[in-house]
Every structure is written in structure tokens, then in C-alpha cells.
1. Expected output is a single nm value to one decimal: the length gained when fully extending between ALA92 and LYS152, i.e. 0.36 nm times separation in residues minus the C-alpha distance. What is it?
2. Going Cα to Cα from LYS85, which aspartates and glutamates come in below 14 Å? Please leave out same-chain ones fewer than 8 positions away.
3. Out of residues 5 or more away from GLN74 or on other chains, whose amide H comes under 5 Å of its own, with H placed 1.01 Å from N in the peptide plane?
4. In nm², what is the average projected area of the convex hull enclosing the Cα atoms of the stretch 99-194?
5. Below 13 Å, Cα to Cα, which aspartates and glutamates can LYS169 reach? Residues fewer than 8 away in the same chain don't count.
Amino acid sequence: LSLSLSLSLSLSLSLSVEISTNQLSIIGSVFLTPFKQMVIPPPMYASKIDLPAPVSSVSFAPETYEIATLLSDQSIALFGPYSLKDQRPPFATAPALQSTISLANATKGRLRQLVWVSANTLLLAESLPGGNDNILEIRFPSSTPKSLDGAKLFRTLLELRVLRLFHNKNTNHVFVQLIDGSVLSYVTGKLTFLSLSFFMFIYLILLKYRRR
């Protein structure tokens with residue numbers, strides 16, 4: 001098994017006092033830094049989440065800012081929020097593991113990207129052998145996912161590979177950029193794709209961050 005690791009960054013953008021705006025540095029593992037309290041440039045960090053396998057993708061839950069990690073063994077590890085309520089500098093206490101969900105027997109290909117779109121819904125990019133991808137939507141029966149028992153899986157086949165998934169938490173839309181530069185809008189729960197131009201995609205992202 002050969003793994004290629006690269007640095008990736010993610011922000012929670014939390015407005016809560018107790019749950020800080022966190023930067024996640026992902027280099028096979030997950031490193032956290034509460035940017036409201038300290039500025040530590042990656043690859044340095046304040047706290048580290050220990051995981052049993054290298055990390056493929058990480059996503060924050062809307063509103064609660066729990067952390068979901070997609071691992072290379074095709075499992076998802078769910079952690080509580082990186083709360084600073086009972087911590088003092090250097091904020092080294094990592095979030096607690098809540099559950100681990102194995103997807104190895106439920107997938108048709110390799111899972112590459114993860115987006116936590118609502119309390120009980122995860123969205124993933126699933127790579128198929130033929131050179132294209134599925135958008136895999138997993139809806140759990142409750143807002144505290146613990147296993148696939150009772151969960152519903154929905155797949156939407158794409159003609160090309162997914163380059164990235166971007167979730168707009170204000171509108172609950174997920175934008176899907178394909179490797180040819182085209183952008184689609186995935187409406188959670190409706191399995192509807194709307195064609196967007198690449199420039200409109202960039203405009204919507206800039207507009208989202210300009211309002212913050």
C-alpha cells in the first residue's frame with residue numbers, strides 16, 4: 001500500500017465564544033489551532049487528534065462544529081467539537097471520539113472527500129473504477145450518527161472525477177467542481193444538479209467570505 005500525503009487546511013468559522021474558529025492542518029493526521037486565542041502557523045499546532053489510519057478528508061458539522069474525519073481505511077471517525085470552555089492555554093486537549101463508522105462494505109469505490117451538510121447527513125465523493133465518480137449521500141436516522149444501521153444511502157453518478165466539494169452552510173447547497181472545471185450545484189435532499197459557470201462559482205465563494 002502506497003500513500004501520498006499532502007497538507008490541507010480547513011476552518012470551522014464558528015461565531016461561538018466557547019467553540020473557537022479552528023484551523024485544521026491535515027497531513028495524514030489532524031492538527032487543531034484555536035485562531036481566536038492564538039496564531040500558530042502550520043504545520044505547528046495546539047492540539048492533535050490521534051487516528052488509527054491516515055486522514056483523507058475532514059469536515060465540520062453545521063452549528064455544533066463536531067468534527068468528521070474520513071480515513072484511508074474507508075471509515076469515518078466522529079469527534080466532539082474542539083471546545084475551549086474548560087481549557088487554558090495552550091489548549092492542548094483534543095476533542096473526544098464519539099463514534100467510528102465503517103463504510104468498507106457499503107461502498108462501490110474509494111471514498112475521497114467528505115462534507116457534513118446537516119446534523120444527520122454526510123456527502124462523499126466515491127471514485128469508481130471506470131474513471132468517473134458518484135456523489136454518495138448518507139442520511140442517518142438521528143442527529144448523532146453512530147453506525148449505518150437504519151441509514152439511507154443515495155448515489156448520483158457523474159461523468160467525470162470530482163475535484164472538490166464546497167458546502168455553503170448559509171444556503172445548504174453543495175457545489176461540486178469536476179476535473180474539467182465545470183461546476184454543479186447539489187441541493188441536499190433533492191438530488192438535483194444545476195449547471196453553473198466556473199466564474200459564478202468563484203463569485204459565490206467570494207461573496208460568502210465577504211459577508212463574514
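1. Using 0.36 nm per residue and subtracting the Cα-Cα distance, I get 17.9 nm.
2. Excluding near neighbours in sequence, the set is GLU18.
3. The answer is none.
4. Average projection, Cα convex hull of the stretch 99-194: 6.1 nm².
5. Within the straight-line limit of under 13 Å, LYS169 reaches these aspartates and glutamates: GLU63.
Values in this text are rule-based calculations from the coordinates and carry no lab data. Since the model is a prediction, treat every value here as computed from it, not as a measurement.
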